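Down below is the structure, laid out as structure tokens.
Nothing in this text is a laboratory measurement; each read-out follows from the coordinates by a stated rule. On a predicted model such as this, the values are computed, not experimentally measured, just so you know. Cβ sites come from the backbone with ideal geometry, for glycine too, and all protein chains shown count toward neighbours.
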Amino acid sequence: MTEQYEVFLGCAIPNRFNNYESSMRAVAEALDIELLDFEGASCCGTVVLKSIDETSWLAMSGRNIALAESRGHDIVTPCNGCYGSLRDVDHVLHENEEHRETVNQVLKTIGLEYKGETRIRHFVEVLYDLRDKIREKIVRPLEGLRIAFHPGCHLIRPSTVAGFDDPELPHKVDELLELTGAVSVPWTLKLRCCGSPLLIASEDVANRILQEKMISAREAGANCVVTNCPACHTQFDVQALGLTDEDGNSLELPALFVTQVLGLAMGLDPETLGLEMNRVPLDPIAEILGI
Amino acid sequence: MALTMEETWGQFKTFEGAKFEVLDPNFTREVSGLIGGQDLTACFQCAKCSAGCPVSDKVNIQVHELMRMLLFGLKEVLQTDMVWLCTTCYTCQERCPQGISITDIIFGLKNMAFRRGIAPPGYLAARKGLYDTGRLYEPTDWEREDLGLDEVPEFDINDIRKMFDKTGLMKLEEE
């Protein structure tokens, strides 16, 4: 049976990682996942608005949830930030009657109501359920790809809100990636934050965190980094450009989205997967990827 | 290596020589009322939070120190760099043996600091952007065209502004 979701893109993907959206849509189509447009979606507010004013954040994400709910649809998002924000707000509004009343007072001014009946999922969660189907569709194994997979924080923490995978030993997306014949290498700082939320407060500290991450990925012998989040990807595919260690050695590693890796192994068109838009050059792994 | 900051935030840099005139129980109570703030007194200073924190070696005041400042009712906590350099990774909260929602408490502290005008300038710009456009970033149309993607669905910005007028987002400092 075809699964159906309204797809919540957020702001970062249409702004700088349209290749994540196109690769997600291509993979979804190949797996019979129906992605409906999310009419009326605004920003989720993410940790930025939660930091400024929690009531406004609850209202902003609450409105997005209520919209999908009014149409009787579940939500899927390929962004950890949106996933974390929508799930977190959903959690707070479920648990806390006072906050739910406040938010519904606000939503009333625009003719909406939060009821809490819509499911919010990350795209990789949907993919994990379809792993047997994905296995059957692998036609172009990616032997030799050594992936430093970065799950990101809000996909798995806090586990009381996310609940998708083990918060200390996540393995589900790694399993998906290894279906392609690639290896998901263990690396010391795998679970560490990428630092992207700090770009707004201190680019210097954000870059130092990224530097530590990249050194760890290099030490593990990875030949690429893979993410499932546009915020994390900003670190690995934008901020990492020109990044060096203390001795001046380049710390750049090709950065791919999980949907690009799966799409390539499933034999989908590299152009549709938007590989030309990846910023860190893919040359070192081009042969493995077959591009 | 500790940070040196010129900004309005992160001005409380060390406990050494610091004099605290007031231990304010009302402040502790206020923090306890935040989302996730109810278990504040359970902290026994094991410092596991700081052990897993990605910025522990980059801040002047670490998470476990922040937690102790809260319990003592020290409002100076709002001026520590730990508040705005928390990456929101939730590692501390996930690992706290006492089940304290540390990261969520820090979100609440950010809200309190913002109202007092203690925040990195980027957050002021982000608030204005959210109010004016309902987004943090705008779509890049030429890339979408190249990839054959449809336009991003529209929404009515007036709905967003109506909500934010009701929550008082643009007037937080006046409360």
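Some notes on this structure:
- Proxy reagent accessibility, fewest Cβ within 10 Å first, across B:133, A:102, A:180: B:133, A:102, A:180
- Potential extension, residue A:159-residue A:279 segment - 0.36 nm per residue separation minus Cα distance: 40.0 nm
- Between region A:2-23 and region B:99-142, the Cα center-to-center distance that results, in Å: 23
- Test item: B:103-110 mean partner chain Cβ contacts at 10 Å: 4
- Among B:146, B:57, B:24, residue whose mean-square fluctuation peaks in a GNM of chain B (springs only between Cα atoms under 10 Å): B:146
- Under 5 Å, built H, 5+ apart or other chain: amide partners of residue A:224: A:146, A:148
- Loop-located GluC sites (Glu not before Pro) in region B:134-169 (DSSP state other than H, G, I, E, B) with a sparse environment of at most 10 neighbouring Cβ atoms within 10 Å: B:154.
- Shape of region A:23-81 from the C-alpha gyration tensor: oblate (a/c of 1.5 or more and a/b not above b/c, with a ≥ b ≥ c the square roots of its eigenvalues).
- For chain A, built as a Gaussian network whose Cα springs stay under 10 Å, the top-fluctuating residue of A:160, A:118, A:77: A:160
- Inter-label distance, nm, simple model (7 Å from Cα along the C-beta direction), residue A:113/residue B:125: 4.2
- Cross-link pairs exceeding 26 Å in C-alpha to C-alpha distance, out of A:172/B:58; A:190/B:58; A:50/B:171, comprise A:172/B:58.
- Averaging Cα coordinates gives a centre for region A:197-260 and one for region B:48-62; these two points are 20 Å apart.
- Dipole in debye (nearest 20) - the protein assembly as shown, about Cα centre, beta carbon charges: Lys, Arg +1; Asp, Glu -1: 1140
- Taking GluC sites (Glu not before Pro) across region A:242-291, the ones in a DSSP loop with at most 11 further Cβ atoms lying within 10 angstrom of their Cβ are A:246.
- The protein assembly as shown shape via C-alpha gyration tensor axes, a/c threshold 1.5: oblate
- Sorted ascending by nearby beta carbons within 10 Å, beginning with the fewest, A:233, A:122 become A:122, A:233.
- Of the GluC sites (Glu not before Pro) found in region A:126-191, those that fall in a DSSP loop while having at most 11 other beta-carbon atoms within 10 Å are A:143.
- Between A:244, A:234, A:109, the GNM of chain A built on Cα springs shorter than 10 angstrom shows A:109 fluctuating the most.
- Amide H to amide H distances under 5 Å link residue A:11 with A:44, where only residues 5 or more positions off or on other chains count and H is placed in the peptide plane.
- Taking a ≥ b ≥ c as the square roots of the Cα gyration tensor eigenvalues, chain B comes out prolate, since a/c reaches at least 1.5 and a/b is larger than b/c.
- Volume of the Cα convex hull of region B:109-175, divided per residue and given in Å³: 104
- Computed from Cα atoms alone, the Kirkwood hydrodynamic radius reported for region B:25-115 is 12.7 Å.
- Ranked B:64, A:154, criterion: other C-beta atoms within 10 Å, fewest first: B:64, A:154
- Counts of other chain beta carbons within 10 angstrom of each beta carbon in peptide A:56-69 average 3.
- For residue A:101 and residue B:150, a Förster radius of 41 Å and the Cβ-Cβ distance give a FRET efficiency of 0.65, rounded to the nearest 0.05.
- Region B:1-153, relative contact order [Cα under 8 Å, separation at least 6], %: 27
- Value of relative contact order over region B:121-174, rounded to a whole percent, pairs C-alpha under 8 Å and six or more apart: 40
- Unsatisfied cross-links (Cα-Cα over 22 Å) in the set A:115/B:166; B:19/B:75; B:110/B:162; A:108/B:110: B:110/B:162; A:108/B:110
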